[in-house]
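Peer 1: Provided herewith is a single structure, encoded as structure tokens, for subsequent inquiry.
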Ligand code: AMP
């Protein structure tokens, strides 16, 4: 067979040739912007010319600090297809962390959305030679800024020719880089190759993954600055799907309106977004009947959430598990044909698991003694993964020792091969030498009708070393109308008595990380002196 290189340039050429009239929609502060793949491909070529004119060559890093928009999509293709490396910096990291990752990646140019100018002006950046501002009003001018030189994205594009001879690339060349969200230590860079992203795009489109096709209208809510928005923009472009981007500072109203008005069929976000959306959909009537699938992952999806969307709107939430280091998709929780005959309760329980490994990857789950665990749904161990879209090192770091990515996630595997995350190694609660799963406790608490969100952490205990503390956010209508005792009572029927939290605190909000996951580090610090 031919050693034909798998590159993102193939997506671009295909989209331009086969789907010139399909739409890309982007909500900007100035209003909804809409254009076609034909226009998109032309602007990608213009952008590639601009990058070359600004001195960007093969392997150079090009940074972005940007929301989900058509311009970010243009950068997703122009940068890697001209041979450079797209570094999507996470705008929700702390200022120090943002400066750290841009300096560590040695970005030569930084593309930023207009509203992020004040943030970037306060960063101390070593390598950036040019700033390019993406204005909300395409005909506007760049505001006065201390950043120098600061170009206007649209002016630059107008100056670039719409013809660009994209170079032949080696499929193993780096295409992108994303830093882990850094809840412990400094963020670490993960480099994605053209080959990895191409194979990941194909895998995402498999029927038992997310089945993307030309017929879909795809709206990635998950940020384009975090793990390539789960690869959705690349897969959607490859198959020629209509794409919808919710723009800067998006909120639930914007998501719901875009789903309704653009007839979105597939959308993706972390569970906290779907929890908040449920409240918006309960408050105002929107027609979300076009949705065929909601993809959710990044954190455990409560069964109660899956059930609520199913019952109220008939929309399946399909859970996936992945990591920055895995591009990110690794497992998807889709029922097999035989499982469709199971009771509703059993089906829900299965969908609440993280699912089965998608084709192309290999997994191994080993216990504390390094032994492979049995697939019995009871034994647990650390999940390890390898495959063509799995990182083999961190940027500027050493190759991982044994050829496997050690995920730090503790899982069980049932007889059907469905993985269930029991916990992060560091989030497990060790009580008297036995493990308590904080995830299982959170799921059980969040199933309570008066509870909006819950996070469970370990607190030091004289006798048992650690005991669980539950931090609960009541639904607004039940604030002050919920008691610790009724929560404990509800848990008693599902969980062993020794798992029950020793203390329950009601809080306003669960602190979130830069990518919307529960930030237990903050809660641990806040409640470290609680006496149990
Ligand atoms: P990140 O690299 O920031 O995307 O974080 C990856 C980590 O998020 C994984 O190692 C898991 O601990 C967690 N995670 C991702 N997806 C899920 C999921 N569906 N359920 C539970 N945890 C998840």
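The values are calculated or read from the model by the stated rules, or taken from the named source; none is laboratory data. Bear in mind that the values here come from a model prediction, so they are computed numbers and not experimental data. Using ideal geometry, Cβ is built from the backbone for each residue, glycine included, and neighbour counts are taken over all protein chains shown.
Peer 1: So which residues in the stretch 339-360 are touching a helix residue (DSSP H, G or I) at 6+ places or on another chain (Cβ under 9 Å) and in contact (Cβ under 8 Å) with a residue 60 or more places away in the chain?
Peer 2: Answer for the stretch 339-360, where residues must be touching a helix residue (DSSP H, G or I) at 6+ places or on another chain (Cβ under 9 Å) and in contact (Cβ under 8 Å) with a residue 60 or more places away in the chain: 339, 350, 352, 358, 359, 360.
Peer 1: If you don't mind, there's one more thing I want to ask. Restricting to the stretch 161-183, count the residues that are in a loop (DSSP other than H, G, I, E, B) and touching a helix residue (DSSP H, G or I) at 6+ places or on another chain (Cβ under 7 Å).
Peer 2: The qualifying residues number 12.
Peer 1: Considering each residue of the stretch 153-180, count those that are over 30 Å from residue 3 (Cβ atoms) and either within 16 Å of the ligand (Cβ to nearest atom) or out of contact with any strand residue (DSSP E or B) (no Cβ under 6 Å at 6 or more places or on another chain) (or both), and give that number.
Peer 2: Adding up the residues that qualify gives 11.
Peer 1: I've got another one for you. Identify, by number, the condition in (1) free of Cβ contacts under 8 Å to residues at least 60 places away in the same chain; (2) assigned to a loop (DSSP other than H, G, I, E, B); (3) not assigned by TED's automatic domain parsing to the domain that holds residue 175 that residue 212 doesn't meet.
Peer 2: All conditions are met except number (3).
Peer 1: Something else about it: Count, please, the residues in the stretch 272-302 that happen to be part of a loop (DSSP other than H, G, I, E, B) and either farther than 23 Å from residue 333 by Cβ or within 16 Å of the ligand (Cβ to nearest atom) (or both).
Peer 2: 10
Peer 1: Test of understanding: among 382, 325, which residue is closer than 19 Å to residue 189 by Cβ, within 16 Å of the ligand (Cβ to nearest atom) and either touching a strand residue (DSSP E or B) at 6+ places or on another chain (Cβ under 7 Å) or part of a loop (DSSP other than H, G, I, E, B) (or both)?
Peer 2: 325
Peer 1: Got a sec? Which of 224, 238 is in a loop (DSSP other than H, G, I, E, B) and closer than 20 Å to residue 74 by Cα?
Peer 2: 224
Peer 1: Hey, among 201, 127, 161, which residue is exposed (fewer than 14 other Cβ atoms within 10 Å of the Cβ) and closer than 25 Å to residue 59 by Cα? I'd like the intermediate steps shown before the answer.
Peer 2: Numbers: 201 fails: exposed (fewer than 14 other Cβ atoms within 10 Å of the Cβ); 127 fails: exposed (fewer than 14 other Cβ atoms within 10 Å of the Cβ).
Going through 201, 127, 161 in turn, just one is exposed (fewer than 14 other Cβ atoms within 10 Å of the Cβ) and closer than 25 Å to residue 59 by Cα: 161.
Peer 1: Quick check on the stretch 211-227: of everything there that is over 20 Å from residue 317 (Cα atoms) and in contact with a strand residue (DSSP E or B) (Cβ under 8 Å, 6 or more places away or on another chain), which residue is farthest from the ligand (Cβ to nearest atom)?
Peer 2: The selected residue is 224.
Peer 1: Ok, one more. Which of the residues spanning the stretch 328-360 are away from the ligand (no atom under 16 Å from the Cβ) and within 22 Å of the chain's Cα centre (by Cα)?
Peer 2: Within the stretch 328-360, 359, 360 qualify.
Peer 1: Condition (residue is in contact with a helix residue (DSSP H, G or I) (Cβ under 6 Å, 6 or more places away or on another chain), surrounded by fewer than 15 Cβ atoms within 10 Å (Cβ to Cβ) and on the phi < 0 side of the Ramachandran plot) applied to the stretch 487-501: is it met by at least one residue?
Peer 2: Yes; the residues of the stretch 487-501 include at least one that is in contact with a helix residue (DSSP H, G or I) (Cβ under 6 Å, 6 or more places away or on another chain), surrounded by fewer than 15 Cβ atoms within 10 Å (Cβ to Cβ) and on the phi < 0 side of the Ramachandran plot.
Peer 1: Look at the stretch 11-24 and say how many of its residues are surrounded by fewer than 22 Cβ atoms within 10 Å (Cβ to Cβ), touching a strand residue (DSSP E or B) at 6+ places or on another chain (Cβ under 9 Å) and touching a residue at least 24 places away in the same chain (Cβ under 8 Å). Full working, then the answer.
Peer 2: Here is the first cut: in the stretch 11-24, the residues surrounded by fewer than 22 Cβ atoms within 10 Å (Cβ to Cβ) are 13-14, 16-23.
Keeping just the survivors that are touching a strand residue (DSSP E or B) at 6+ places or on another chain (Cβ under 9 Å) gives 19-23.
Checking the rest, the ones that are also touching a residue at least 24 places away in the same chain (Cβ under 8 Å) come to 19, 22-23.
Final tally of qualifying residues: 3.
Peer 1: Still on this model: Please go through (1) closer than 22 Å to residue 500 by Cα; (2) surrounded by fewer than 22 Cβ atoms within 10 Å (Cβ to Cβ); (3) within 16 Å of the ligand (Cβ to nearest atom); (4) not assigned by TED's automatic domain parsing to the domain that holds residue 511 for residue 443 and return the number of the only condition it doesn't satisfy.
Peer 2: (4) is the only condition that residue 443 fails.
Peer 1: Oh, and also: Of the residues that sit in the stretch 339-370 and are touching a strand residue (DSSP E or B) at 6+ places or on another chain (Cβ under 8 Å) and part of a loop (DSSP other than H, G, I, E, B), which one is nearest to residue 314 (Cα to Cα)?
Peer 2: 352
Peer 1: Any idea which residue in the stretch 504-522 is farthest from the ligand (Cβ to nearest atom), counting only those that are modelled with pLDDT under 95 and not in a loop (DSSP other than H, G, I, E, B)?
Peer 2: Applying the filter and picking the extreme gives 522.
Peer 1: Taking the condition at pLDDT 95 or above, closer than 27 Å to residue 308 by Cβ and surrounded by fewer than 24 Cβ atoms within 10 Å (Cβ to Cβ), does residue 217 pass?
Peer 2: For residue 217, the condition - at pLDDT 95 or above, closer than 27 Å to residue 308 by Cβ and surrounded by fewer than 24 Cβ atoms within 10 Å (Cβ to Cβ) - is met.
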